[in-house]
Amino acid sequence: MNALIAEALNRPIISLRTSHNSEKDYIAIEDVVEILPKIAQNGKCRIYNVASGSNLTHGAIVNTIAKLTNRDVEIQKDAPTIIFPPIDVSRIVDEFHFLPRDIKESIERLVDRYKKEKTI
């Protein structure tokens, strides 16, 4: 996602090599930073899936970035659709009452940060 944001701020077109319908699990870095110490200090199990628990399409992500950066999107001809299976996060939800942030809000914060750093 960071590469897409950087591309959007440095080029007139965002280029995708996978279809808009491709999807996978994205998690906000803030969620990772928050949950890892809880798992390390109070985890009852040996293994946890740290993820948001739901997939997001590349279209949703790139359209959000394109809107925030005023860029067009170009999809590579014959771009494949790659769909990752959902990740089960029931263990961190049940044990730590984990509620993932909206990744689109994280995208907005990242774009704002990149814009500020670019002007410095």
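Readers should treat all values here as calculations from the given coordinates under stated rules, not as data from a laboratory. In this text the structure is predicted, and so the values were computed from the model without any measurement. Note: ideal-geometry Cβ built from the backbone for every residue, glycine included; neighbour counts use all protein chains shown.
A compact table of results
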quantity	calculated
Unmet requirement for residue 21, which otherwise passes all of (1) surrounded by fewer than 16 Cβ atoms within 10 Å (Cβ to Cβ); (2) of a type outside the set (Phe, Trp, Tyr); (3) assigned to a helix (DSSP H, G or I)	(3)
Lone qualifier among 78, 94 - being outside any loop (DSSP other than H, G, I, E, B), out of contact with any Lys or Arg (no Cβ under 7 Å at 6 or more places or on another chain), exposed (fewer than 10 other Cβ atoms within 10 Å of the Cβ) and not polar (S, T, N, Q)	94
Test for residue 84: is it in contact with a helix residue (DSSP H, G or I) (Cβ under 6 Å, 6 or more places away or on another chain) and of a type in the set (A, V, I, L, M, F, W, C)	no
Every residue from region 1-27 that is in contact with a strand residue (DSSP E or B) (Cβ under 8 Å, 6 or more places away or on another chain), of a type in the set (A, V, I, L, M) and free of Cβ contacts under 8 Å to residues at least 12 places away in the same chain	none
Matching residues, region 1-15, being buried (at least 19 other Cβ atoms within 10 Å of the Cβ) and out of contact with any Ser or Thr (no Cβ under 7 Å at 6 or more places or on another chain)	4, 5, 14
Restricting region 24-59 to residues that are outside any loop (DSSP other than H, G, I, E, B), charged (D, E, K, R) and more than 11 Å from the chain's Cα centre (by Cα), the residue that is farthest from residue 92 (Cα to Cα)	30
Subset of region 60-80 [over 17 Å from the mean Cα position of the chain (by Cα) and of a type in the set (Val, Ile, Thr)]	73, 75
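Here's the yes/no breakdown for (1) in contact with a strand residue (DSSP E or B) (Cβ under 8 Å, 6 or more places away or on another chain); (2) surrounded by fewer than 17 Cβ atoms within 10 Å (Cβ to Cβ):
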site	(1), (2)
29	no, yes
36	no, yes
47	no, yes
60	no, yes
83	yes, yes
88	no, yes
111	no, no
